[in-house]
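Enquirer: Next up is a structure, given as structure tokens.
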Amino acid sequence: MYHERSTEQRKRRNGTKIVVFVLAIVLVVGGWFAAGAVNQNLREQGAVSVRNAILDSAKQCCAIEGSYPSSLEHLEDEYGLRVNRSDYVITYEVFAENIMPSVVVVPR
């Protein structure tokens, strides 16, 4: 059977719809921010991994050749180091052949 809803029932139902809609919006926005934070964290961890790989290759070069490499290109050519330059800005500075180079890796 059909019976009309009272004004109070309609208001309650409309209020419920609004609450559900607002909660859905909050969840979407919260997910958006969480994904951005996770992405930034992964990029920073990647930069640390790239820096460690460069330093490990430099140490290996020093152990084999007796001095640290003068450039990052030497590590790429002779030791098979591969660096994603499109995702990271890399600064490789050598002070002397017997001192470990300074390596700074920053995500773009």
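Nothing in this text is a laboratory measurement; each read-out follows from the coordinates by a stated rule. None of the values given here were measured: they were computed from a predicted structure. Every residue, glycine as well, gets a Cβ built from its backbone with ideal geometry; the counts of neighbours run over all protein chains shown.
Enquirer: Can you give me the number of residues within segment 80-101 that are in contact with a helix residue (DSSP H, G or I) (Cβ under 9 Å, 6 or more places away or on another chain) and loosely packed, with under 10 Cβ neighbours inside 10 Å?
Expert: Of the residues in that region, 3 qualify.
Enquirer: Restricting to segment 93-108, name every residue that is under 14 Å from Lys59 (Cα atoms) and under 24 Å from the mean Cα position of the chain (by Cα).
Expert: Hits for segment 93-108 are Ser102, Val103.
Matching residues to (1) β-branched (Val, Ile, Thr); (2) assigned to a helix (DSSP H, G or I); (3) more than 24 Å from Val103 (Cβ to Cβ):
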| position | (1), (2), (3) |
| --- | --- |
| Arg12 | no, yes, yes |
| Thr16 | yes, yes, yes |
| Phe33 | no, yes, yes |
| Ser57 | no, yes, no |
| Cys62 | no, yes, no |
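Enquirer: Quick check on my filter: what residues within segment 65-108 are of a type in the set (Asp, Glu) and free of Cβ contacts under 8 Å to residues at least 40 places away in the same chain?
Expert: Within segment 65-108, Glu65, Glu73, Glu76, Asp77, Glu78, Glu93, Glu97 meet the criteria.
Enquirer: Only one of (1) touching a strand residue (DSSP E or B) at 6+ places or on another chain (Cβ under 7 Å); (2) surrounded by 13 or more Cβ atoms within 10 Å (Cβ to Cβ) is not met by Glu76, so which one is it?
Expert: The one condition Glu76 does not meet is (1).
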